[in-house]
Structures are given as C-alpha cells and as structure tokens.
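Enquirer: There's a structure below that I have some questions on.
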Amino acid sequence: MCAATKEFIIALDEGTTNAKAIALDAQGQVVAKFSQPLAIQTPREGWVEQSGEVLIDASLDVIAKAINHVGADNVAALAISNQRETAIGWYRQTGKPLNSAITWQCTRSAAYCEELRHADKEHLIKTTTGLPIAPLFSASKMRWLLESVADGSRLAAQGKICLGTIDSWLLWNLTGGEAFCCDYSNAARTQLLNLHTGQWDDTMLELFHIPRAALPEIKPSSGLFGYTRGLNGIADGIPVMSMVGDSHAALFGHALGEMGCVKATYGTGSSVMAPVTSAQCDSGALATTIAWHDGEKIIYGLEGNIPHTGDAVAWMADSTGLSELSDAELAHELNTLPASVESTLGVYFVPALTGLGAPWWDDSARGVICGLSRGVKRAHLIRAALESITYQIADVVVAMQQHEDFSVSALMVDGGPTKNDWLMQYQADLLGCPVMRSDVPELSAIGAALLARKALHPGSLTDLKAFLTVHSAFQPDMARHHRLQKRWQEWRNAVNRTRWKPAPSA
C-alpha cells in the first residue's frame, strides 16, 4: 500500500465510558467523529469490569463508520489510544475472553497487593518497573484472570492463553488474530516491564506468576503493528501505525513531549504526567513510566494517577439530585453553582471512593465529606466536589518536584470537566501557573494520530508542530494563589481523615 497517496488517518480512542473514532485529513483537521457508549459492571464492592466483546464491538463499529465516511481507499492508517491498566485474557485458538476485562478502577486484587507489601517487595517492584504496589496496575489483575479459569497458569505457559492490555486486545481483533503486540507505554503500565531494559522482566513474571508465553511482543508506539483482516465493514490491509495509552497520547497531543509542559487529563479519574529524561524512580508517591517510543527512542514520563476526579463530581451530582437534569442543564449547573457561592463554607470532599491514588496510595481509605454546617447547601457541596479535583491534581504536581528532571512552565489540560471555566481558573490560581486548555475534545485520539503520522512520514518532531491544536490560556491570580494556600492545607487535613482506621476491638 502506498500511504503517500492516501489522505486520512482514522484514530480510535477506546476509553472507559466511550469508544470514539475520528477521521483526520492531511492537515490534521478532524473531519468526522463517531462514538459509542460503554457500560461498566460492578458485581461486588470494589470490583469494576467490562465485557471484552462489547469493547471490541463498539470499537469496530465506530472505526467502520469513520472509514465509511471518508472511503476505505483514502485511509492511510489506523491509530489507537486506549484506556490503560485494564487487563484482559483470552484463549489464543478461539479469541474468547477468559472473563470480563478488569478495569483500571478495580480493586479486587488489593489483598494480594497487600501481601506483596508485607513481603517487603515494594522496593524491588518500584526500582524495576517504576510503579508502586497498587491494584491499579495490570499484573495483579492478570494473575487473577489466570486463577479464574481451570488450568489457567498451565495453559498460559503453553501459549494457549493470551494476556494483555486493551491495545493488544484491539490489535488482535483488528488483525484477525495475526498480531499479538502491545506498545511500550501500555507495557510500562503492567508492572511486568523492566523500565531500564524495556523488556518483560523475569523477576516480575515470577513474582506475579505470569508466564512469558502469554504476553504480547512489545513494539514502539509509532510504527507498523499489523494490517486489518476479516472484519465486517472494515477493508482488509489497512495498517495499524500507532498504539499508545490514552494519557500518554494526550501528553503527546498537547506539546509533543516538550519539557515543562505537564499534562493533566480530567476524566472519570485523572492522570497527571510530565515528560522526563531518565527512568529515575526515587519517589514512592509517583510512578515513573514510559511515555512512548516514537520509533527512534524511548521517552520517559513521571505520573500520578487519581482514581476519582470527574467521577467525584458525578457522584456528588447524583447525590444532590442534579443527575436527573439533561446533559445541557447539568453542565450549566456545574458551571454556575460553584461561582454562586464565595466558598464551600469550610466543606471538603475527599473522594476516596475506592481508595486514594497518588500521591497517597492508600487502598483502604474511604471518602469523606467534612466541615458540614447548617448553612451548607447544594452549591457548596458541588463546589467542594469541583475543588477536590484541583487539590488532588495540585498534590501530584507538588510530589513531582522530587524528580531531578521535573519542571513546570504550564499545566496542559484536557478532558470533559475542563470545559468548566470556573474550574480551570481555580486550578490556575491554586497552582500559581498558567493552565492551557485544549479546546479539542479528541486530544488522545489526535496524539495517537500524530504518532501514526510520524511513522507514515518519518522526520523530526518539529515537523509535527504544525498539526498541534489550539489552547485557551487561564492565567493565575497570584494574590488569590497565596490566599488559597491555607485552604490547600485544610484539604490535606481532610485527606488525613479518610485514612483514619478504628482501633481493633479488645
């Protein structure tokens, strides 16, 4: 196939709540977009899962619609960004999943993670993989998947079971089972990759009881992964030219990894990520990861993961009756209610609904609303939920300052909640640095498309700057910044309340 004669890149963003596909033309402009909602199941407390078949059906549907919109003969490549840490296993011969996909939010493996801590494995895991012990990451989920079926470990060791992150599951299905690969960014989120060698680590495989034969081949994020084959509505032979985790894709889509440009994605949860030049992982509060491999070299990333940000606002909206409104009415209320009151009247909401993520990493913490008084109304509670997003992100940015390569010149933001101007200004004032909002909602898909474009048209990163999207700037009010430091400290006091444990009964 001659990519030079083809104009369009189709980029899939397979997220937690939606599968979205966009078509980008030769100038990098979005000319069409399609979306399918995805359901989440919570069969037990702390369990969060999704149907692997539904993920595939929704993803293939939106890809097919985007291809049909521009014509298959005009498509140069597919690009994939995906929800990270979510783990799935399937039988190699049939492609049938072993079980539901265990999502990144799921804490079913928390007890096993606690066993690892008690066995003093934290330092070994952190120095090898860059990741702290937490049920967020894929390895403990993969272990659970193998244990959920008869002879799982034996079949996996024989290569009869595949274990992977969602990028590998998508690629397997797109290529009719011909390609079993993942990219460096997704591999780095499994807790099985040696951050220093860029390969699956024998010690980690043994620790988590994961046979190497069950894992995909690791490839650069920008490059050829395989060709479409045997799909209804999708022509054979379209190359998949990039795969990358969605947060990594957003970081690339913001500024191509420019130092000082820290990225925060505001979604169900949030990822705060900064490009760094080394695999240093001294901070136990944060993850050091691989941001991407651009086809030439590995770029590292420093990251803090927060499980409940937009989800916290959704929970509060539901609990205060706002979820009964239409989407447009709800968006209006979330924009106007927090500004209608001067403060939260001392209320703080710490949304540790399934535990605390970075920089605390406390699986057993649970959410707290504190500071309630008789005058507190719905507006104060909604404001407290929105403020909780900014405090959690600011806590991670402060923790990042421990890394010798870290710098921050601007916070680059994306995701649905960033449409709230009040929220963005509060974030800028709290941090005391500019907040640069991408006004293109498909930033993760665009980041993946830019990596595909680099593979199709090899050149320097400078060549891709012309395809970057426009940002809106929120400049900090430094006087307010200094006033907010007291509230930030009060927030940290509220966080400590979520970590309180009752004394054991006598």
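Enquirer: Can you compute the equivalent ellipsoid semi-axes for the range 110-266, i.e. the square root of 5 times each eigenvalue of the Cα gyration tensor, sorted largest first and rounded to whole Å? The partial results should precede the final answer.
Expert: Numbers: eigenvalues 147, 107, 31 Å².
Semi-axis lengths for the range 110-266 are 27, 23, 12 Å.
Enquirer: Could you grab the relative contact order for the range 375-450? Cα pairs under 8 Å, six or more apart, rounded to a whole percent. Don't jump to the answer; show the numbers that get you there.
Expert: Values: 46 pairs, mean separation 23.9, N = 76.
Result for the range 375-450 is 31 percent.
Enquirer: HN-Hα J couplings of the range 292-306 from phi, Karplus 6.51/-1.76/1.60, θ = phi - 60°, integer Hz, Gly and Pro as x?
Expert: So the Karplus estimates, Gly and Pro as x, are 5, 10, 8, x, 10, 7, 7, 10, 8, x, 10, 9, x, 9, 10 Hz.
Enquirer: Compare the peptides 389-397, 199-207 by average per-residue count of other Cβ atoms within 10 angstrom and give them in order, highest first.
Expert: On the way: 389-397: 24.0, 199-207: 15.4.
Going from most to least packed, we get 389-397, 199-207.
Enquirer: Also, I was wondering about something else. Could you tell me which helices of the chain pass both thresholds, a Cα extent of 20 Å or more along their own axis and a mean Kyte-Doolittle hydropathy of at least 0.0, with helices taken as whole DSSP H runs? Before the final figure, lay out the partial values.
Expert: Values: long enough: 52-70 (28 Å, 0.88); 378-400 (34 Å, 0.83); 478-498 (30 Å, -1.87).
Qualifying helices, which must be both long enough and hydrophobic enough, are 52-70, 378-400.
Enquirer: Please sort by residue number the GluC sites (Glu not before Pro) in the range 119-189 whose DSSP state is loop and whose Cβ has at most 13 other Cβ atoms within 10 Å.
Expert: Numbers: sites: Glu122, Glu147, Glu178; in loops: Glu178.
Answer by residue number: Glu178.
Enquirer: Still on this structure, I have one more. If you average the alpha carbon positions of the range 109-161 and of the range 325-395, how far apart do those two centres end up, in angstrom?
Expert: Each part reduced to its Cα centre gives a spacing of 33 Å.
Enquirer: Something else about it: Could you grab the relative contact order for the range 173-219? Cα pairs under 8 Å, six or more apart, rounded to a whole percent.
Expert: Relative contact order comes out at 44 percent.
Enquirer: On to the next question. Which of the lysines could a cross-linker span from Lys219 if the Cα-Cα distance has to be under 20 Å and same-chain partners fewer than 8 positions apart are dropped?
Expert: Result set, ordered by chain and number: Lys297, Lys454.
Enquirer: Now, a different point. For the range 30-103, run through the trypsin sites (Lys or Arg not before Pro) and keep only the ones in DSSP coil with at most 11 other Cβ atoms within 10 Å of their Cβ. Could the numbers behind the result be given before it?
Expert: Values: sites: Lys33, Arg44, Lys65, Arg84, Arg92; in loops: Arg44, Arg84, Arg92.
Sites meeting the loop and neighbour criteria: Arg44.
Enquirer: Just the number, please: carbon plus sulfur as a percent of the accessible area of the chain, 1.4 Å probe, no ligands or DNA/RNA counted.
Expert: On the way: 9810 of 19310 Å².
That fraction is 51 percent.
Enquirer: Taking a probe of 1.4 Å, how large is the accessible area per residue of the chain, in Å²? Display every interim value, and only then the final one.
Expert: Numbers: 19310 Å² over 506 residues.
With all protein chains present, the chain gives 38 Å² per residue.
Enquirer: First check a/c for the range 433-504, with a ≥ b ≥ c the square roots of the eigenvalues of its C-alpha gyration tensor; if it is under 1.5, answer rounded, and if not, answer prolate when a/b is larger than b/c or oblate otherwise. Each step should come with its number before you reach the end.
Expert: On the way: a/c = 4.25, a/b = 1.95, b/c = 2.18.
Cα axes put the range 433-504 in the oblate bin.
Enquirer: For a protection proxy built on the mean count of beta-carbon atoms within 10 angstrom, sort 263-270, 219-226, 155-162 highest first, please.
Expert: Values: 263-270: 26.9, 219-226: 23.5, 155-162: 19.0.
Ranked by mean Cβ neighbours within 10 Å, highest first: 263-270, 219-226, 155-162.
Enquirer: Averaged across orientations, what area in nm² does the convex hull of the alpha carbons in the chain project? Write down the numbers at each step before the final one.
Expert: Numbers: hull surface 94.9 nm².
Computed as one quarter of the Cα hull surface, the answer is 23.7 nm².
Enquirer: Each residue of the range 211-216 in turn: what ³J(HN,Hα) in whole Hz from Karplus with 6.51, -1.76, 1.60 and θ = phi - 60°, glycine and Pro shown as x?
Expert: Values, residue by residue: x, 4, 4, 8, 9, x Hz.
Enquirer: Between the range 205-220 and the range 56-97, what's the alpha-carbon centroid distance in Å?
Expert: First find each Cα centre; the distance between them is then 23 Å.
Enquirer: How high is the relative contact order of the range 1-141, in percent, counting Cα pairs under 8 Å that sit 6 or more residues apart? Walk me through the intermediate numbers first.
Expert: On the way: 248 pairs, mean separation 33.9, N = 141.
Result for the range 1-141 is 24 percent.
The values are calculated or read from the model by the stated rules, or taken from the named source; none is laboratory data. In this text the structure is predicted, and so the values were computed from the model without any measurement. Because the Cβ atoms are built from the backbone with ideal geometry, glycine has one as well, and the counts that use them run over all protein chains shown. With ligands, DNA and RNA removed, areas are computed over all heavy atoms of the protein, side chains included. Shrake-Rupley method; radii C 1.70, N 1.55, O 1.52, S 1.80 Å.
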